[in-house]
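Have a look at the structure below before the remarks.
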Amino acid sequence: MIAAWRNRPEWLHNEGAVLPLKALQIRWLGALLLAAQVPLAVHLPIWVALFGAMLVALRFALLRRDRLRPHAKPARIPSWALALFAVVLGIAIRQSYGGYLLGRDPCVALLYVLAGLKFLEARTLRDGTLLVCVTMALVITPFFYDQSMLAAIAALPVILLMGGTLDGLARPGADDFEFEAWGTAVKRTLVMIAQGLPLALLAFFLFPRLTGPLWGLPRDAAASTGLSDRMSPGSISELSQSDAVAFRVDFDGAIPERRERYWRGPVLSRFDGRTWTPLPPRTDGVLAPADGPVVSYTVALEPNGHGWLFALDLPAQLPQLTQADGASDEETRSLAQLTREQQLLARVPVTQPLRYVQKSVLRGSYPPASQREVDLNRALPPGNPRSVDFARELRAAHPDERDYVLAVLRHFRAEPFVYTLAPPRYTGEPVDEFLFGAKRGFCEHYASAFVVLMRAAGIPARVVTGYQGGDVNPRGGYMIVRQSDAHAWAEALIGGMWQRVDPTAAVSPLRIERGLGAALPAGDPIPLLARLDGGWLKSFQLAWDAVNHQWRRNVVNFDFERQRELWRALSFDRYAPWQIVAGFLGLAALWALAVLAWLALKRRRQERALVLWDEVCRRLARAGLARAPHEGPLAFAARAAARWPQFAIAFHAIGQSFATLRYGDTGERPRERAAMLSTLERAIEVLPGAGALRDAAG
Amino acid sequence: MPPAAGLLARWRQRLFRGAPADRDLVVLRHSRIYILPTRRGIAVMITLLLMLLTSLNYALSLGLAVTFLLAGLTAAALLHTFRNLAGMEVKPLAAGDTFVGGKVAFSLALMPGAATRLAVTLSARKSRVMADVPAGAARTVALEIPAPTRGRVALGRVTLSSTYPLGLWKAWAYVHFPLVGLAFPAPEASPPPLPFGPGGADAVARGRGEDADLAGLRDYQRGDPPQRVAWKAVARGAGWYTKAFEGAGGGPVVLDWRTLPEHMDVEARLSRLSAWVLGAERAARPFALSMPGLALPAAQGREHRRAALSALALFPAELP
C-alpha cells in the first residue's frame, strides 16, 4: 500500500507552477484585482487608493509595451526594488494611520497596496494563485466599513471574474487553448455560482455565528465619527456637519413628541475651565420606576466604538437583545449596565451593528445616587471670573433654586444670544467670552455656560450629551437619528432631584421643536439631510434609507441572536449539534445529486440530435438501406434520397441539419441550434415508418 | 496466499490498477474516478477559511455571504470536474515499435459520449498528452513512451486526469491496458557491408543500373532513399511507396549469427544484425535471418522485416 502510494505523483504534481504567466492570464488577473480594489478604494486614504490602482495600471502599460515590441526583452522590475518599495509603503501607511500598523485599517491598506505590487511583479502561475487568494481576501475588506446593499453589489464583479481567471490559470502553457471570450467565461461562472447558491444559502443560515469576537478589535472602530466622551467648545457643532446615521429606532406605539426625544449619552461632570469630561463610571445605577408614560422601542445602533447604548430619558429597563422571550436574564445583564448617571453602558465596545429592545419612561428628573456625587458636581475650577461674579449676584437676588434657574434661562432669552453653528473661537476664558462677549454659540456653549452658572451659585449641575430629535422616515415608519442630531444639555439638582434643563431651548426653541434645519440662521452651513427643504433629493434619500433599513435588519444583522431566533422558529433547538451537521451534510449530498442531474439533463439535450439521427438510421436500415460505417450524414442522406426520391427534400433536410448540429460551429449560438433541431424533428416527422418505406421502394 | 492478503491485493488492484487487467473498452464510472483538490484548490480553501474566520470575528454578514458564495462556486467546480471525466470511454488501439533510444507510440481512443470533454490529460510514465475531445467524436491520442532497452515496452498504467473547469480540483482515473510495444535493437552506427548472399554476388557494390527493371511498389519505410520513393503516387495522394527494382538489389543475403566475429557479445551482434536488416531492406534485397533457435527463410517486405526485427528484439540476453 505504502509503495503504491509512493509512486502516486498524480494529484499534487506541481509542474507548471513555475511556468510563466501569459499575457491573457495577466489581463484576467488585473481585471480581477481592479474589481476588488475599486469598492475598497473609497475607504482608504486617497494616496493609498490612487497608488494601488496605479500599480495595476503600470503593469498593463508594461504589457502593452511588450505586445508592441514582442522581440524586446520583457520589461521587468527587480524584486529587490519591489521589496524595498513594500517596506517604504509599510512605513508610510503606518505614519498615515497615526503610527500603528497592526490594527485592522492599516493592514487593509497594506494588503491593498501589496496586492498591486504583487501584480506588478507576478511572473509565474504560482504568483497567479497567490494573487487570486489575495484578491479573494480583499473582497471582504470593504465590509469592515460599509455593509450596505451598494457594498454588496460592488462585490459582485470580482466574484463573476473569479471563474474566468481561475480557468485561465488552469491551462498551463498549453498554447493551443484559446481562452474563450470574456462574456462566455463570465456566463459559465454565473451558472456555477447559481449551482452553488443553494449550498451557500444553507451555509449562510446554518453556520453558527459567534457571540463575541475571537480576537481583539484593537483601536479599530474607535475612529468612527460620533459623540466623544469629551466636550469642548466646537466639538458638537463639528459633528453637526455629518449626515451619518447614529441609530435607527422602531417604536412599538406612538412616537413621542420631538421635544421629548432626548437620547441620553455620556454625562460629563468634570470641568477644567474649557473641556468637559466624564467621571469614572459607577455601574450601580437604579432604574427609574415606570410610573409615567412608558415608551418601548427597538434601537438599531451603528457601531460607535464606545460602550454607549442610547435610550430616551430615562431608561426603565436594561436593554434586551432583540428577541424579548429568548434571552435569559443572565444574557440581558451581560449586555449592558446602568450608570449612576442613568447612562446605559455595554460591557464591550459597540463595534458591530447592534439591535436591542428598550423601554423608557418619559420624565426629566431622578434622585441622585449619593452625597458624594452631589459634591463632585458642585466643583468649579478657577477661571471665568465674570461668570462667577454674575452668578453670585443673580443668586443673591433669587435665593430659591428654581427661581434662580428660571432667571438664568430668562437671561439667555433676553440677551441677544444667537444659536449658530459658526460661533467665533473662544480662547482665553471660554465661558466669560461667550456669555459677555460674542454671545454666539452652539448647544455645547449654552450647556457649558449654564452648568458653570449653576455651580458658581452653589447648585450641583452637569452636562449631558446625546442626541435630540430624529426624523421619522415616512417610507419605513421608523426613525433615523443622525450625527447632526447630536446635542448637549444640562442637569441641575433642584429640590433634591436631578432635573433636565436645556438652555438651548431657551435661546432657540425651534431647535428642540423642529430640529437643526429650522433653528439655524439661513447662512449657516448645515448638512443636506438636516435641512427642511431637501426636496426630492431628501425624499429619495429617505426611500433609499428605508430599503437599507430592511437590508440591515434581515441580512447584515443576521448575527448570533437572529440566527438563534430563526432556529427557534424552525424548532432547530430540539436537535443536537451533530444532528444539525448531519442534516447539513445530507442536504449537501442531495444538492450534489441535483446538480449532477442538472448537468446530465443539459447533456441529454445536446444528445438529442444524435438520438434522432440514430433513429433515422435504424428506420432506414429496417427499410433495407443500412448506413455504411464510413458514410457521413450528407452522403447517406443523398443515397436515401436517390432510393426514395419522393422524400428527397426531407432526407436532405435531415442530413444537412444533423451535419450542422454535429459538426458545425453552432455551439455558442443556442438559438440557431434550436432552429436546426426543430428542422431535424419536423423532417423526421415527414418520413413514413420503415414498413411503408420498404413498400414505397418496392 | 492467505485470504486477507488476497483481499488486500484485490483492493489494491481496484484502487491503483497496478496490473494490466483492463481488456478492452473501459467506461470511466464513479468507482474509478478519484477527485482531490489541487495545490491551487488548497490555497483557495485556506483563503476561504481565513475569510470565514475574519467575517465571523468581525460579524461581517456580507463577508460570510461572499465567503459562502465562493465556497459554493468551489463545490460546483468539484462536480463539474468530476463530470468532465465521468462517462468517458477509453479504448486501447495499438502499440507501436521503435528502435532503442526512440519512443514507442501507444494509441488510445477517447470516446466522450454526448459531452465535450475539455483539457483531459493522459499520462503514463513520463509521457503526457493533453486533449480536448468534442462531444460525439472519438479522438485518438498517442502516448509516446521512451524505450531505453530492447525488448518489450509495456504502456503501463495510464492516468486520465482533468482539472477543468477551474483548476481547483483534480479528477483522475487509472486504466491499465495490456498494451505492449517493441523496442528493436539499435542498428549499429556504421556496420560493415552486407554479407554475400548464397550466390556470391556483392549487391551493395553494384548499385542500381539504368537498365534495372521496375518490379513493383512496396510500402515506404523510413530510411528508403528519396530517389526510390514513388513520388507520383505520393502526389496523387495514394500513399507512400518505394519502387522496387528487379535485379537492382541483387540476390538474397543471408544474415547469420554464426558468421559474426567471435569477440562480439550478444547486444553487439543484435545491433549488427539490426543494421543489416535495414541495409538489406534499403538495398531492396531479400534476406534470410539465422540465429540460435531461429531461422527465417529469405524474403522481403514489411512483414518480413518486422518479424526479423522482433526476433532480434526478443532474443534472450543470455545465450541458452
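Across region B:145-178, the qualifying residues are those that are surrounded by fewer than 22 Cβ atoms within 10 Å (Cβ to Cβ) and more than 22 Å from B:Val133 (Cα to Cα), and the one among them that is nearest to the other protein chains (Cβ to nearest Cβ) is B:Gly156. Quick one: which residue in B:Leu155, B:Leu166 is out of contact with any helix residue (DSSP H, G or I) (no Cβ under 8 Å at 6 or more places or on another chain) and assigned by TED's automatic domain parsing to the domain that holds B:Ala77? Unique residue meeting the criteria: B:Leu155. Pairs are defined by a Cβ separation below 7 Å, a sequence spacing of at least 6 or placement on different chains, a first member in region B:69-88 that is more than 7 Å from chain A (Cβ to nearest Cβ) and in contact (Cβ under 8 Å) with a residue 60 or more places away in the chain, and a second member that is surrounded by 23 or more Cβ atoms within 10 Å (Cβ to Cβ) and among the polar types (S, T, N, Q); the pairs so defined are B:Thr81/B:Ser162; B:Thr81/B:Thr163; B:Asn84/B:Ser162; B:Leu85/B:Ser162. Scanning region B:35-47 for residues that are facing chain A (nearest Cβ under 7 Å) and surrounded by 18 or more Cβ atoms within 10 Å (Cβ to Cβ) turns up B:Arg39, B:Arg40, B:Ala43, B:Val44, B:Thr47. Restricting attention to region B:280-310, the residues being out of contact with any Gly (no Cβ under 6 Å at 6 or more places or on another chain) and either buried (at least 21 other Cβ atoms within 10 Å of the Cβ) or in the same structural domain as B:Arg150 (by TED's automatic domain parsing) (or both) number 6. If only residues of region A:2-42 that are of a type in the set (D, E, K, R) and closer than 30 Å to B:Arg14 by Cβ are counted, the one that is modelled with the highest pLDDT is A:Glu15. So is B:Ala94 within 7 Å of another protein chain (Cβ to nearest Cβ) and among the small types (Gly, Ala, Ser) or not? When the stated conditions are applied, B:Ala94 does not pass them. Can you list residue pairs whose Cβ atoms sit under 8 Å apart, with the first residue in region A:548-566 being more than 11 Å from chain B (Cβ to nearest Cβ) and the second being at pLDDT below 75? Count only pairs 6 or more apart in sequence or on different chains. Sorted first by the residue in region A:548-566, then by its partner, the pairs are A:His549/A:Gly476; A:Gln550/A:Gly476; A:Arg564/A:Gln323; A:Arg564/A:Gly326; A:Arg564/A:Asp573; A:Glu565/A:Thr322; A:Glu565/A:Gln323; A:Glu565/A:Gly326.
The selection criterion, being modelled with pLDDT under 85 and either surrounded by fewer than 20 Cβ atoms within 10 Å (Cβ to Cβ) or among the hydrophobic types (A, V, I, L, M, F, W, C) (or both), does not hold for A:Ala492.
Take B:Gly18 and tell me if it is within 7 Å of chain A (Cβ to nearest Cβ) and either touching a Lys or Arg at 6+ places or on another chain (Cβ under 6 Å) or surrounded by 14 or more Cβ atoms within 10 Å (Cβ to Cβ) (or both). For B:Gly18, the condition - within 7 Å of chain A (Cβ to nearest Cβ) and either touching a Lys or Arg at 6+ places or on another chain (Cβ under 6 Å) or surrounded by 14 or more Cβ atoms within 10 Å (Cβ to Cβ) (or both) - is met. Number of residues in region A:468-499 that are within 26 Å of A:Ser269 (Cβ to Cβ), in a strand (DSSP E or B) and touching a Gly at 6+ places or on another chain (Cβ under 7 Å) equals 3. Look at B:Ala135 and say whether it is more than 20 Å from A:Thr165 (Cα to Cα) and either buried (at least 22 other Cβ atoms within 10 Å of the Cβ) or polar (S, T, N, Q) (or both). The answer is no for B:Ala135. On inspection, B:Arg258 passes the criterion of being surrounded by fewer than 20 Cβ atoms within 10 Å (Cβ to Cβ) and touching a residue at least 24 places away in the same chain (Cβ under 8 Å). Every condition in (1) surrounded by 13 or more Cβ atoms within 10 Å (Cβ to Cβ); (2) assigned to a helix (DSSP H, G or I); (3) within 14 Å of another protein chain (Cβ to nearest Cβ); (4) not basic (Lys, Arg) holds for A:Phe636 except the one numbered (3).
Between B:Ser61, B:Ser55, the distinction of being at the interface with chain A (Cβ under 7 Å from one of its Cβ atoms) and either touching a Cys at 6+ places or on another chain (Cβ under 9 Å) or more than 22 Å from A:Ala588 (Cα to Cα) (or both) belongs to B:Ser55 only.
The values are calculated or read from the model by the stated rules, or taken from the named source; none is laboratory data. All values reported here derive from a predicted model rather than from experimental measurement. Cβ coordinates were reconstructed from backbone atoms using ideal geometry, including for glycine residues, and neighbour counts include every protein chain displayed.
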